[in-house]
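These notes are about the structure you will find just below.
The values are calculated or read from the model by the stated rules, or taken from the named source; none is laboratory data. None of these values were measured; they are calculated from a predicted model. All Cβ positions, glycine included, derive from the backbone under ideal geometry; neighbour counts span all protein chains shown. SASA here: full protein model, heavy atoms, side chains in, ligands and nucleic acids out. Shrake-Rupley method; radii C 1.70, N 1.55, O 1.52, S 1.80 Å.
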Amino acid sequence: MKHFWKGTLAAAIIGFAAASMPVQAADETVCGTDRSIDIAEMSWPSAAALARIHAFILENGYGCDVEVVSGDTVPTSSSMLSRGSPAIAPELWTSSIEKQWTEAINEGKVVKLSDAITDGTLEGWFIPRYVQEAHPDLKSVAGVIAHPELFPDPEDPTKGRLYSCPPGWACEISTSALFEAYDMAEAGWNLFSPGSGGALDASIARAFLRNEPILFYYWGPTSILGKYDAVPLDMGPVDAEIYACNTNPDCDQPARKTAYPSSPAIVGAAAWVPEEAPVVADYFAKVGLTNDEISALLVYGDENKADAAATAENFLRERKDVWTTWVPDDVAAKVEASLG
């Protein structure tokens, strides 16, 4: 009888000890699902780099079966809603699919795991910081418009020049509308439309390299804003109704003043991810980056003509202070070892 009680007591102690062990701490370092985690690599540089960063960490740090698949906002979200695949969209701009995305969340088909860009996307008119430092009053669009002589048009130096978007881009419509709303033609300005995105980038780069003034439309996160110290001008409050009209060629109302809205960029996921792969879902809940951080990581790709995978590896090598905060220490060690 004594031996029976000793054995029972020992078993109870062992069972209690096992129950008291931090099981989650052990489990949170492994993928925890046999399902493949397919990650959408969108067509723009920041989203492509983020897809590769997360794929590398999940595969090498957590041991997940990961596949990077081509994607874009509408087809990726549509497939996620109907098929539960891809599992993850690491930088999904939901403004253009707001109705469908909201309905899908309410129906339990998809989830938002976090904000991919923690301070929101950026869109507006910019000037170089060195110009603002030389003229501290140039903080708003109205303030700049009052001084066209500071931003002379190379082809018509008696007027200022605003560099707009390439033909066919949605931002060409919105920028043209604001040019009209601010009566910039009457104030002594020309609206310049570059032939392509590359031509716009080249104009901006040339001005910064020569320390020349320039007023230009741009957006972030992008390598241009990571490479050059450009200051966004105050455009006042956002009016969604005015912006919708300004960007609609069929709107019969006159163009009016408004700031550009910040489009939400989230980590979107199929609904099965938090249910069947909670470790993966927990990882993506922590991976948000700021505009400045994403723009900075894109500079490497731009300057070295590197693809998304190489840009991602450079980020993992150079910004350990950032991504190691997303993962447990032993996962970070595995990722660092895989980098070589």
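Where strands (runs of 3 or more DSSP E) sit wholly within region 50-134, those with at least 2 residues that are under 21 Å from the mean Cα position of the chain (by Cα) and under 30 Å from Leu150 (Cβ atoms) occupy 122-128.
Table: residues versus (1) under 28 Å from the mean Cα position of the chain (by Cα); (2) farther than 24 Å from Cys251 by Cβ.
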{"position": "Phe151", "(1), (2)": "no, yes"}
{"position": "Cys171", "(1), (2)": "yes, no"}
{"position": "Gly195", "(1), (2)": "yes, yes"}
{"position": "Gly198", "(1), (2)": "yes, yes"}
{"position": "Ser203", "(1), (2)": "yes, yes"}
{"position": "Met235", "(1), (2)": "yes, no"}
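Checking each residue in region 207-233 for being within 16 Å of Ser164 (Cα to Cα) and more than 22 Å from the chain's Cα centre (by Cα) picks out Ala207, Pro213, Ile214, Leu215.
From the list Ser85, Ser79, Ser96, Ser114, the one residue that fits, being touching a Phe, Trp or Tyr at 6+ places or on another chain (Cβ under 9 Å), of a type in the set (S, T, N, Q) and either over 28 Å from Asn248 (Cα atoms) or not assigned by TED's automatic domain parsing to the domain that holds Cys171 (or both), is Ser114. Summed over region 145-174, residues that are assigned to a helix (DSSP H, G or I), at pLDDT 95 or above and touching a Pro at 6+ places or on another chain (Cβ under 7 Å) total 1.
Looking only at residues of region 127-146 that are crowded, with 16+ Cβ neighbours inside 10 Å and touching a Gly at 6+ places or on another chain (Cβ under 9 Å), we find that the one that is farthest from Leu178 (Cα to Cα) is Val144.
Results for (1) open to solvent by less than 10 Å² (accessible area, probe 1.4 Å); (2) at pLDDT 95 or above; (3) over 15 Å from the mean Cα position of the chain (by Cα), shown as yes or no for each residue.
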residue: Pro249; (1), (2), (3): no, no, yes
residue: Ala308; (1), (2), (3): no, yes, no
residue: Arg319; (1), (2), (3): no, yes, yes
residue: Pro328; (1), (2), (3): no, yes, yes
residue: Val335; (1), (2), (3): yes, yes, yes
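Contact annotation: residue pairs with Cβ atoms under 7 Å, 6 or more positions apart or on different chains, pairing a residue in region 68-82 that is modelled with pLDDT of 95 or more with a partner that is part of a helix (DSSP H, G or I), are Val68/Ala51; Val68/Arg52; Val68/Ala55. Contact map, region 243-259: first residue closer than 20 Å to Gly124 by Cα, second residue open to solvent by less than 70 Å² (accessible area, probe 1.4 Å) and among the β-branched types (Val, Ile, Thr), Cβ cut-off under 7 Å, separation 6 or more or different chains; pairs are Tyr243/Thr258; Asn246/Thr258; Thr247/Ile173; Pro249/Ile173; Arg256/Ile242; Thr258/Ile242.
Of the residues making up region 287-333, those that are closer than 22 Å to Ser263 by Cβ and not in a helix (DSSP H, G or I) are Val287, Gly288, Leu289, Thr290.
For region 175-198, residues that are over 23 Å from Thr158 (Cβ atoms), at pLDDT below 95 and open to solvent by less than 40 Å² (accessible area, probe 1.4 Å) total 1.
The residues of region 217-242 that are closer than 20 Å to Ser193 by Cα, open to solvent by 20 Å² or more (accessible area, probe 1.4 Å) and in a helix (DSSP H, G or I) amount to a single one, Leu225.
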